[in-house]
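Scroll down for the structure; my scribbles are underneath it.
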Amino acid sequence: MLVKNQEVTLTIEDIASDGNGVSRYMDFVVFVPYTAVGDVITAKIVKVKKKHAFGIIVNLLKESPHRIDSGCIHFQKCGGCSLRHLDYKEELRLKKNFVVNSLNKIGNIDFPVEEVIPSPDISKYRNKVQLPVYQDKNGLNFGFYARRSHRIVPITGGCDLNPVIFNKIASDVCEILNSYSVKAYDEYSHQRDLRHIVLRENDKGEIMLCLVMNCDSFEGELEFCKNILKEHPEIVSIVLNENSKNTNRIMGFYNRTLYNKGYIYDTLCGKKFRLSPTSFFQINRGAAEILYGEIEKLVQPEIDDIVLDLYCGVGSIGLSFAEKVRKVIGVENNESAVEDAHHNASVNEIYNAEFFNLDATKFSEKLKKFAILPDCIITDPPRKGCSATLLSNLVSLNPEKIVMVSCNPATLARDLRVLIDSGYEIKKVTPVDMFPRTEHVETAALVSKVIHREY
């Protein structure tokens, strides 16, 4: 039996998909964060359930050969980089296992998964950051949320995954706004002003600054813009995003441009993309180009193909190979992203792409009604995956191929099982490390219709 606060000796046997180490003690599975396979530890039990428990490291008795120095003073304090203490080869091995185990245990799928394609960079790879803001004795400050909480950990000296300039800009934003009596939002009282500082950097080093606020304006806006631009001429866009709802959602739906344009341009796969503050775009440019190349290999575009690109964002996947097919139809429920997608097709002189501002499930029903039959469907949904209704509608369209892109192996496995049970078979599963030093992994999977041959 295990009880809270008990100390036990554990050997870490595996790492779960959330980054926690896995061990066994008597009849319990015990999860311990920031461990490595092969670690022998003394763990303190902090929570006990019926058949499993959670612990924390008290003493590291024997180090795993996969352990390295994290090189980060914030490691184990902020909620990111759960695998930062592991060598990169081991991180890639684990991420492949995350995909394999999800397919096996959730989808009841036994299929050989490709080796994880590594990211070209494992530090400074993020082109966007969302920094929650809090109030301390000196005024505004920022950081990251601690693991599984909304407690903000200050990030002194910056984050190794972000460009160095992000930390300097965020610090200067807080310092300047302090002089205008702007206060940090309080999520408990739903009062005060600044909720998040959002920064995005393009391939030229230009920066978009977005202030997410619990209001539609603040006193001293023009002076703020002048002062921050004086310190940071690399900023080419400043936007105020109003989020006055009592919600955990980071961004609101209303944007107001404070300086220059309300968007920024970036380049991916040789094409130019306009990005608005709320538009989705892959945060790791180098790994995204690899991922999109793998997606194109799975699609195998042909000149007469109609490709349906669901959850298309600013259109980046479909537009990356649009010139090789007859038509690309993109679907996205974020209005500003769809506006960006239309613009991106135009600016890249692509005239065979069409984009719709609709929910993917509702749009799939319209396709059935109007008998538009795509040859290939690409889905790149949020972590919750595709709805059962959407998958049913896609199957009824009878596409030859479906390419599933996912940042969540669990929901990918669930959705692939639905497609298998509906007459499709998996042809390839390729993970790409879009998020080095974290437990997250991106995966592209190809399914094709089963061909029944008569003999």
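The values are calculated or read from the model by the stated rules, or taken from the named source; none is laboratory data. Given the structure is predicted, the values throughout are model-derived calculations rather than measurements. Cβ placement follows ideal geometry from the backbone for every residue including glycine, while neighbour counts extend to all protein chains displayed.
Have a look at R126, R93 and point out the one that is at pLDDT 95 or above, out of contact with any strand residue (DSSP E or B) (no Cβ under 9 Å at 6 or more places or on another chain) and of a type in the set (D, E, K, R). After ruling out the rest, the residue left standing is R93.
In this structure, is N227 crowded, with 18+ Cβ neighbours inside 10 Å, assigned by TED's automatic domain parsing to the domain that holds V198 and in contact (Cβ under 8 Å) with a residue 40 or more places away in the chain? Yes; evaluated as a whole, the condition is true for this residue. Going by the structure shown, is V441 surrounded by fewer than 18 Cβ atoms within 10 Å (Cβ to Cβ) and modelled with pLDDT of 95 or more? It is false that V441 is surrounded by fewer than 18 Cβ atoms within 10 Å (Cβ to Cβ) and modelled with pLDDT of 95 or more. When region 155-165 is filtered for residues that are within 22 Å of the chain's Cα centre (by Cα) and more than 18 Å from K230 (Cβ to Cβ), the ones remaining, listed by number, are I155, G158, C159, D160, L161, N162, P163, V164.
So that you can scan it fast, the table gives a plain yes or no per residue for (1) of a type in the set (A, V, I, L, M); (2) surrounded by fewer than 22 Cβ atoms within 10 Å (Cβ to Cβ); (3) closer than 21 Å to N178 by Cα:
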residue: V198; (1), (2), (3): yes, yes, yes
residue: M208; (1), (2), (3): yes, no, yes
residue: L211; (1), (2), (3): yes, no, yes
residue: S217; (1), (2), (3): no, yes, yes
residue: M251; (1), (2), (3): yes, yes, no
residue: K261; (1), (2), (3): no, yes, no
residue: D266; (1), (2), (3): no, no, no
residue: K271; (1), (2), (3): no, yes, no
residue: L275; (1), (2), (3): yes, no, no
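Consider region 396-420 and keep the residues that are part of a loop (DSSP other than H, G, I, E, B) and at pLDDT below 95. The one that is surrounded by the most Cβ atoms within 10 Å (Cβ to Cβ) is L397.
One residue is enough: does region 295-312 have a residue meeting the conditions more than 29 Å from A445 (Cβ to Cβ), among the aromatic types (F, W, Y) and out of contact with any Cys (no Cβ under 6 Å at 6 or more places or on another chain)?
Checking region 295-312: not a single residue is more than 29 Å from A445 (Cβ to Cβ), among the aromatic types (F, W, Y) and out of contact with any Cys (no Cβ under 6 Å at 6 or more places or on another chain).
The residues of region 134-177 that are assigned to a helix (DSSP H, G or I) and under 18 Å from G80 (Cα atoms), listed by number, are V164, F166, N167.
Might you check whether a residue that is out of contact with any Leu (no Cβ under 7 Å at 6 or more places or on another chain), closer than 19 Å to L140 by Cβ and either among the hydrophobic types (A, V, I, L, M, F, W, C) or in contact (Cβ under 8 Å) with a residue 12 or more places away in the chain (or both) occurs anywhere in region 202-211? Checked region 202-211: at least one residue is out of contact with any Leu (no Cβ under 7 Å at 6 or more places or on another chain), closer than 19 Å to L140 by Cβ and either among the hydrophobic types (A, V, I, L, M, F, W, C) or in contact (Cβ under 8 Å) with a residue 12 or more places away in the chain (or both).
Among residues of region 291-330 being buried (at least 19 other Cβ atoms within 10 Å of the Cβ) and β-branched (V, I, T), the one that is farthest from the chain's Cα centre (by Cα) is V325. Against the test of being under 30 Å from S217 (Cβ atoms) and among the β-branched types (V, I, T), the options I295, I283 yield a single qualifying residue, I283.
Quick grid of which residues meet (1) in a strand (DSSP E or B); (2) touching an Asp or Glu at 6+ places or on another chain (Cβ under 8 Å); (3) of a type in the set (S, T, N, Q):
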| residue | (1), (2), (3) |
| --- | --- |
| K226 | no, no, no |
| V236 | yes, yes, no |
| R249 | no, no, no |
| R256 | yes, yes, no |
| D266 | yes, yes, no |
| R274 | yes, yes, no |
| S279 | no, yes, yes |
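For I155, the criteria (1) surrounded by 21 or more Cβ atoms within 10 Å (Cβ to Cβ); (2) at pLDDT below 95; (3) in contact with a Pro (Cβ under 8 Å, 6 or more places away or on another chain) hold in every case but one, which is (3). All conditions in (1) free of Cβ contacts under 8 Å to residues at least 60 places away in the same chain; (2) surrounded by 14 or more Cβ atoms within 10 Å (Cβ to Cβ) hold for S181, with the sole exception of (2).
Counting only strands (runs of 3 or more DSSP E) wholly contained in region 282-366, the ones carrying 1 or more residues that are among the β-branched types (V, I, T) occupy 306-310, 327-332.
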